[in-house]
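Have a look at the structure below, then the notes.
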Ligand SMILES: [Cu+2]
């Protein structure tokens, strides 16, 4: 049990996300170069488990680095991550993929 907890809290998850993000950017749709008007959306994504405040911090730091993400509020008490983002730059699918890459598997839509 304790080893599972340690696995959930590994800070090197951040590196996994950064590699994942580079991969995604390589295949991303071309940016028009212009300033798109930001359309801010806030979603609450439930995940299987956020173990502790350290996990919250990992999620907060990692998702905050994603383009278009403006606000990240993970809560280990409710196992939910509230994210505010610009839908012209990132989508809920991408956010869910990022959480999964970090080891926080999203649950039901
Ligand atoms: Cu933790």
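So is residue 28 at pLDDT below 60 and over 18 Å from residue 107 (Cβ atoms) or not? Can you show your working first?
Working: at pLDDT below 60: yes; over 18 Å from residue 107 (Cβ atoms): yes.
So residue 28 passes the test.
How about the stretch 47-69: which of its residues are within 13 Å of the ligand (Cβ to nearest atom), in contact with a strand residue (DSSP E or B) (Cβ under 7 Å, 6 or more places away or on another chain) and free of Cβ contacts under 8 Å to residues at least 40 places away in the same chain?
56, 60
Restricting the search to the stretch 70-86, which residues are within 19 Å of residue 103 (Cβ to Cβ), surrounded by 20 or more Cβ atoms within 10 Å (Cβ to Cβ) and away from the ligand (no atom under 15 Å from the Cβ)?
Answer for the stretch 70-86, where residues must be within 19 Å of residue 103 (Cβ to Cβ), surrounded by 20 or more Cβ atoms within 10 Å (Cβ to Cβ) and away from the ligand (no atom under 15 Å from the Cβ): 72, 83.
Within the stretch 56-71, can you find the residues that are over 20 Å from residue 108 (Cβ atoms) and touching a helix residue (DSSP H, G or I) at 6+ places or on another chain (Cβ under 9 Å)?
Going residue by residue through the stretch 56-71, those that are over 20 Å from residue 108 (Cβ atoms) are 56-58, 60-62, 64-71.
Listed by number, the residues that qualify are 58, 61, 62, 65, 66, 67, 68, 69, 70, 71.
The values are calculated or read from the model by the stated rules, or taken from the named source; none is laboratory data. None of these values were measured; they are calculated from a predicted model. Positions of Cβ are backbone-derived with ideal geometry, glycine not excepted, and every protein chain shown enters the neighbour counts.
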